[in-house]
Amino acid sequence: MSESSDHVGSGSFALDAFDAAAVLDEDGTVRQWSLAAAELVGYDAADVRGRPLGALIADASDASDASCAGPLQGTRLPAGGRALLRHRQGGTVDVTFQNGIGVPLDALGRSVLADIGEPPVREDIALLLARTRAVRGEDIASWTFPADPTVVAQAREQISRQLTAWGLDDLAFTTELVVSELVTNAVRYAGGPVGLRLIRDNVLICEVIDPSNTQPRLRRASHTDEGGRALFLVAQLTTRWGCRYGRTGKTIWAEQPLTP
């Protein structure tokens, strides 16, 4: 935000003049609030986190007396441009909202690191920033299966149908192999339910979701092993694969180029 800041419905806004920044969820609720933002309006992170950012927007009608000493109320956010933010001590601060999507990631990173402490920043701190993009609903297909070995064949069938609908039959054989290995592993070692998701973007992404937090391990099975080949095969058949964890369980994903 800058005094004279920036709004994104789901993402962040940055205040240029003070390096102030906030992270909002989809409905405009504050999830992160920087020290510089607190200095700008007098509200600490504990005061605003979990509340709608619109609570700090002062109406023009009450700009002369915009004290916000009581509970934060209101949900309206400006579409962009300038707005009056209520200050904790009374009065308002004229700010210009800048779309966080347009702020370079290195600038956002510097803003976050500035709140950690005086330089030099400790070497054991790592900051990862990433920008996501929306995927159209018609480019996503998902299914949920019980933890039953018989669902592996059902999963392959669903994948085959979806790839045909997308005109990606050339990827069916490889994708079915990947799905077979990952769903079998999920059923055998993680229990259910097992989620399966296919995403068509600039690459084809296959995701298998299970309720276990156990870290998957890539290893080369010997000729006499009955199992242990799943991730090795996935790594051989796809360009990239990985694992991410949620509040409960994990998602193993694998990518393939759209043109084999």
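Each reported figure results from applying straightforward, stated rules to the coordinates on display, with no laboratory input. Just so it is clear, the model here is predicted, and its values are computed rather than measured. Every residue, glycine as well, gets a Cβ built from its backbone with ideal geometry; the counts of neighbours run over all protein chains shown.
Order of 189, 245 from fewest to most other C-beta atoms within 10 Å?
245, 189
Whole-Hz Karplus ³J(HN,Hα) for the range 233-246, in order, using 6.51 cos²θ - 1.76 cosθ + 1.60 and θ = phi - 60°, x for Gly and Pro?
Values per residue, Gly and Pro as x: 5, 4, 5, 6, 8, 10, 7, 8, 8, x, 9, 10, 10, x Hz.
Based on the Cα gyration tensor of the range 137-257, what are the three equivalent ellipsoid semi-axes, each the root of five times an eigenvalue, rounded to whole Å and given largest first?
The answer is 21, 17, 14 Å, longest axis first.
Could you please rank 49, 161, placing first whichever residue has the fewest other Cβ atoms within 10 Å of its Cβ?
Sorted ascending by nearby Cβ count, the order is 161, 49.
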